[in-house]
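Trainee: Dumping the structure here so I can ask a few things about it.
The values are calculated or read from the model by the stated rules, or taken from the named source; none is laboratory data. Since the model is a prediction, treat every value here as computed from it, not as a measurement. Because the Cβ atoms are built from the backbone with ideal geometry, glycine has one as well, and the counts that use them run over all protein chains shown. Areas reflect the complete protein model, heavy atoms only, side chains present, ligands, DNA and RNA absent. Shrake-Rupley method; radii C 1.70, N 1.55, O 1.52, S 1.80 Å.
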Amino acid sequence: KADPRLSAVSALLDNAGTDSLSRQQIGAALEEYGASLSFSSSNDAFMVSVEGIDKNFVPTMQLLGHFFSHVKSDAKALSKVKDAAKAEEKSLTEENTDVLAALLQEIFYGDKSSSLHRLTYKEVKKMPGEEMISAFHDVLGSYCRLSYSGTLDATEVANVIKSNLPVSRSQAPYVDYDTDFIGYSEPLVYIFDMPKSRQTLVTNYYQLKPMS
């Protein structure tokens, strides 16, 4: 299965600086280049999203390369990771849409549901920043796919990326983390009692034969 730590890793990277640039300096440089940087993770991928303008593509990639190679955890970034994990755990008991999403995960995938393998707030709280950075470096060594949308020549884009990002570290083969849906032999109804919920959410799950 995918590494459950990556949700915390993405939260850390969204708030971390490097060994020579604070997060504020990183943000100021991105603003100067007209760019933005964000990290996220899903059940089967870790995403790095960069938006910007083509005339500043080179300095933006240089800054991203510096960040990849020199990212550093600090107390402020770790505090924000813990706050995010605490808020997420709270929403799983108080927000009906989050409760439904977790319930559907278990209905779809059973004991392979990602909601059952997510890190708890206590586990995130105990995780050192160095471990999160190490997990990110492991990501850089895994299979990667790059997508670019803009007006620059594809060869130019490829050369800039190869010159500034550690793409050569991506040596591991592609791993498919897709999980098969589980089947049901009879109709089942799941009811989750939330008296404080402002509305009722109803979802149906049907198993259909493949279209020929």
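Trainee: Among the residues of the stretch 76-87, are any under 30 Å from Phe57 (Cβ atoms), of a type in the set (S, T, N, Q), at pLDDT 95 or above and open to solvent by 50 Å² or more (accessible area, probe 1.4 Å)?
Mentor: no
Trainee: Among the residues of the stretch 1-35 satisfying the criterion of being within 16 Å of Ser69 (Cα to Cα) and charged (D, E, K, R), which is surrounded by the fewest Cβ atoms within 10 Å (Cβ to Cβ)?
Mentor: Asp19
Trainee: Filter the stretch 84-97 for residues that are farther than 19 Å from Leu6 by Cα and of a type in the set (Asp, Glu) and give the result.
Mentor: Of everything in the stretch 84-97, those that are farther than 19 Å from Leu6 by Cα and of a type in the set (Asp, Glu) turn out to be Glu94, Glu95.
Trainee: Test of understanding: among Asp54, Asp19, which residue is charged (D, E, K, R), in contact with a Ser or Thr (Cβ under 7 Å, 6 or more places away or on another chain), modelled with pLDDT of 95 or more and on the phi < 0 side of the Ramachandran plot?
Mentor: None of the other options fit; the residue is Asp54.
Trainee: Same structure, new question: Please verify whether Ser79 is more than 29 Å from Arg198 (Cβ to Cβ), hydroxyl-bearing (Ser, Thr, Tyr) and free of Cβ contacts under 8 Å to residues at least 12 places away in the same chain, treating the condition exactly as stated.
Mentor: Spelling it out, Ser79 is indeed more than 29 Å from Arg198 (Cβ to Cβ), hydroxyl-bearing (Ser, Thr, Tyr) and free of Cβ contacts under 8 Å to residues at least 12 places away in the same chain.
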